[in-house]
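Colleague: There's a structure below that I have some questions on.
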Amino acid sequence: MNTVYYVIKQSTCPVCMGNRIVTHPSWLAFWETNQNPTDENIYKWFRDEDYAYPPNEEIPCMECGGTGVISCLVDISEVLQFIEDRITNLESALFQKVNS
Ligand SMILES: [Zn+2]
């Protein structure tokens, strides 16, 4: 196997926006139809949805595993190409500025 180097790319989770938690999907469904609920109709609504008790309204984000960050590996050759392209663009902009 050839050796391949990677760079870790980290970005804010697009699902929880870095907050690490999201609203439970059943609570989202509940809030769609219940604007000013009482305790009684909260329990009734969730019992009708086969819950013994209402689940926690906020749960860890499944997309980022509750970290708020998405990480992925990027082949270092792509990163080096990106840097090279940026340098080329900067050189081109500088050349145009000097010659104007
Ligand atoms: Zn997330």
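Each reported figure results from applying straightforward, stated rules to the coordinates on display, with no laboratory input. Because the structure is a prediction, the values reported are computed rather than measured. A quick note on method: Cβ atoms are made from the backbone with ideal geometry, for glycine too, and the neighbour counts reach across all protein chains shown.
Colleague: If you line up the long axis of helix 39-48 against the longest principal axis of the chain, both from Cα atoms, how many degrees apart are they, to the nearest 10?
Modeller: Computed tilt is about 80 degrees.
Colleague: Helix-only estimate, please: 222 nm mean residue ellipticity of the chain, summing -39500 (n - 2.57) across DSSP H runs of length 4 or more and dividing by its residues, to the nearest 500.
Modeller: Value at 222 nm, helices only: -13500 deg cm²/dmol.
Colleague: Please report, in cubic angstrom per residue, the volume enclosed by the convex hull of the alpha-carbon atoms of segment 21-60. Mind dumping the intermediate values first?
Modeller: On the way: hull volume 2.7 nm³, N = 40.
Considering the Cα atoms of segment 21-60, their hull volume per residue is 67 Å³.
Colleague: Between Asn56 and Met17, how many nm apart are label points set 7 Å from Cα along the C-beta direction?
Modeller: 2.1
Colleague: Once you have all Cα-Cα distances for the chain, histogram them in 5 Å bins from zero and send the whole-percent values.
Modeller: Result returned by the calculation: 2, 11, 12, 11, 9, 10, 9, 7, 6, 6, 6, 5, 3, 2, 1, 0.
Colleague: Mind jotting down the distance between the C-alpha centroids of segment 56-100 and segment 1-27, whole Å?
Modeller: Segment 1-27 and segment 56-100 have Cα centres separated by 14 Å.
Colleague: Which residue, chosen from Gln96, Leu28, Gln81, occupies the Cα position most advanced towards the positive end of the dipole of the chain, where the dipole is computed from +1 (Lys, Arg) and -1 (Asp, Glu) charges on Cβ about the Cα centre?
Modeller: My answer, from the dipole projection, is Gln96.
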